[in-house]
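The values are calculated or read from the model by the stated rules, or taken from the named source; none is laboratory data. Owing to the predicted nature of the structure, the values given are computational and were not obtained by experimental measurement. FYI the Cβ positions are ideal-geometry reconstructions off the backbone, even for glycines, and counts take in every protein chain you see.
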Amino acid sequence: MDSIKNIYRIGRGPSSSHTMAPMRAAKMFLEKAGRGVSRFEVGLYGSLAATGKGHMTDTAILDVLGHVAPTEIKWFPEINLPLHPNGMTFKAFSPEEAEMCSWTVYSTGGGALADDVWDERETVRLYDRNRITDICEWCSGTGYSYWEYVEKFEDSDIWDYLNEAWKKMQDAVHRGLDTEGVIPGGLGLRRKAGEYYIKAIGYSNAVRGRGLVYSYALAVSEENACGGEIVTAPTCGSSGVLPAVLFHLKRSREFSDKKILHAMATAGLFGNVVRTNASVSGAAVGCQGEVGVACAMAAAAASQLFGGTPSQIEYAAEMGLEHHLGLTCDPVGGLVQIPCIERNAFAAARALDANTYSNFSDGRHRVSFDDVVDVMQQTGKDIPSLYKETSQGGLAKRLN
Ligand code: SF4
């Protein structure tokens with residue numbers, strides 16, 4: 001497994017796989033192509049082509065290549081390249097129209113890239129275990145917690161990095177709560193976070209807490225939908241879940257930032273295990289890999305903050321993911337808005353439920369987190385492509 005820093009990428013929304021990664025790929029191709037390019041041609045395939053307009057894939061690429069030379073984007077939604085549904089081909093041409101350089105690359109989820117000889121997720125192997133069962137055993141045998149396992153293998157700057165990510169998450173919550181207006185894209189959706197916040201503080205106790213969690217998740221997800229700066233956790237589309245839970249617990253329970261960072265380390269570890277053994281790409285496995293994994297990460301974080309044992313933390317994460325199994329990805333209009341924004345709010349609430357449920361238990365349960373990750377991967381393969389970030393089925397078809 002590589003660094004959990006790659007679970008928490010800081011950047012602009014609305015999509016880690018369809019915006020952040022294509023932009024990074026374009027920058028890398030620019031270096032490969034060198035000087036003397038008279039024009040670029042970029043082919044987008046499968047899911048990248050099907051929802052690329054709504055996810056602003058073309059804008060992300062043109063922002064990089066379009067400033068250097070004329071760039072043509074070609075769309076091939078009906079063709080999937082061999083390695084992943086999110087395929088791209090970059091070509092650079094000389095003034096004589098000779099092909100100078102070409103590169104086929106895949107956006108594999110959460111902002112990561114791969115081609116047929118290289119997979120970014122495997123270039124650096126920091127950890128000695130990549131299944132939670134083995135890591136939980138290590139914790140039980142040594143007395144350490146998951147976050148200490150992370151600390152043992154990450155570079156010494158990990159806490160500075162997580163601190164920066166935590167600051168960006170909080171900034172996104174504050175901006176989202178404070179901004180009104182219509183979310184761009186044509187669906188006519190208004191931002192709701194501020195209203196939910198105001199209404200929530202008018203209640204007391206449980207309803208207030210639940211309403212505040214909704215408002216924090218809406219705030220970040222609306223920022224993401226507007227192309228604002230967010231932190232993937234594990235993706236842009238699911239970036240509202242973990243900040244909502246952490247922000248709420250910090251405010252309501254006065255957890256220190258240090259404890260929040262430890263919780264982020266544990267959440268990142270669980271997300272990284274999924275990213276390594278299965279996928280966090282909606283185009284590959286549906287929304288179970290995005291919002292489902294975000295819920296698992298947030299459940300693990302909450303459980304740790306409330307003093308869960310390694311088994312209880314694992315159980316909370318397992319439930320966060322298990323009860324999202326089979327969740328489809330059918331974004332209306334190819335935009336990261338319906339059902340994505342609301343779904344983040346529900347998943348944040350569900351993460352807190354998973355924590356409560358797990359902490360009532362002794363941590364023993366039949367289905368392990370690793371089992372659910374394996375099942376999620378298989379379920380993702382079995383789900384038709386209509387429901388994997390192509391906007392050709394489900395809500396996307398109904399509301400078109
Ligand atoms: S439905 Fe889920 S996986 Fe699909 S774009 Fe929205 S958040 Fe991402």
So V372, is it within 25 Å of C139 (Cα to Cα), part of a helix (DSSP H, G or I) and among the β-branched types (V, I, T): yes
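Taking L187 as the residue in question, decide whether it is within 16 Å of the ligand (Cβ to nearest atom), over 23 Å from N355 (Cβ atoms) and not hydroxyl-bearing (S, T, Y).
Working: within 16 Å of the ligand (Cβ to nearest atom): yes; over 23 Å from N355 (Cβ atoms): yes; not hydroxyl-bearing (S, T, Y): yes.
Considered against the rule, which asks whether it is within 16 Å of the ligand (Cβ to nearest atom), over 23 Å from N355 (Cβ atoms) and not hydroxyl-bearing (S, T, Y), L187 comes out as yes.
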Name the pairs: first residue in the range 363-384 and over 16 Å from V293 (Cβ atoms), second residue among the hydroxyl-bearing types (S, T, Y), Cβ to Cβ under 6 Å, at least 6 apart or on different chains? G363/T309; G363/S311; G363/Y315; H365/Y315
Can you confirm whether the range 281-295 contains a residue that is over 14 Å from the mean Cα position of the chain (by Cα) and at pLDDT 95 or above? no
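Being surrounded by fewer than 24 Cβ atoms within 10 Å (Cβ to Cβ), within 16 Å of the ligand (Cβ to nearest atom) and small (G, A, S) is true for just one of G271, G240, G286, G326. Which residue is that? Reasoning before the result, please.
Values: G271 fails: surrounded by fewer than 24 Cβ atoms within 10 Å (Cβ to Cβ); G240 fails: surrounded by fewer than 24 Cβ atoms within 10 Å (Cβ to Cβ); G286 fails: surrounded by fewer than 24 Cβ atoms within 10 Å (Cβ to Cβ).
Unique residue meeting the criteria: G326.
Of these, E164, E151, E99, E120, which one is within 26 Å of P85 (Cβ to Cβ), surrounded by fewer than 19 Cβ atoms within 10 Å (Cβ to Cβ), of a type in the set (D, E) and touching a residue at least 12 places away in the same chain (Cβ under 8 Å)?
On the way: E164 fails: within 26 Å of P85 (Cβ to Cβ); E151 fails: within 26 Å of P85 (Cβ to Cβ); E99 fails: touching a residue at least 12 places away in the same chain (Cβ under 8 Å).
Of the residues listed, the single one that is within 26 Å of P85 (Cβ to Cβ), surrounded by fewer than 19 Cβ atoms within 10 Å (Cβ to Cβ), of a type in the set (D, E) and touching a residue at least 12 places away in the same chain (Cβ under 8 Å) is E120.
Residue by residue, here is whether (1) within 16 Å of the ligand (Cβ to nearest atom); (2) within 21 Å of G380 (Cβ to Cβ); (3) touching a helix residue (DSSP H, G or I) at 6+ places or on another chain (Cβ under 6 Å); (4) outside the structural domain of E154 (by TED's automatic domain parsing) holds:
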residue: G34; (1), (2), (3), (4): no, no, no, yes
residue: F40; (1), (2), (3), (4): no, no, yes, yes
residue: S47; (1), (2), (3), (4): yes, yes, yes, yes
residue: T59; (1), (2), (3), (4): no, no, no, yes
residue: G66; (1), (2), (3), (4): no, no, no, yes
residue: N80; (1), (2), (3), (4): no, yes, yes, yes
Do we have any residue at all in the range 207-215 that's among the aromatic types (F, W, Y) and either at pLDDT below 95 or closer than 23 Å to G308 by Cβ (or both)? no
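Is the range 382-395 home to any residue that is more than 16 Å from the ligand (Cβ to nearest atom) and either farther than 17 Å from A301 by Cβ or in contact with a Lys or Arg (Cβ under 8 Å, 6 or more places away or on another chain) (or both)?
At the first step, the residues of the range 382-395 found to be more than 16 Å from the ligand (Cβ to nearest atom) are 382.
Pick out the ones that are also either farther than 17 Å from A301 by Cβ or in contact with a Lys or Arg (Cβ under 8 Å, 6 or more places away or on another chain) (or both) and you get 382.
Yes; the residues of the range 382-395 include at least one that is more than 16 Å from the ligand (Cβ to nearest atom) and either farther than 17 Å from A301 by Cβ or in contact with a Lys or Arg (Cβ under 8 Å, 6 or more places away or on another chain) (or both).
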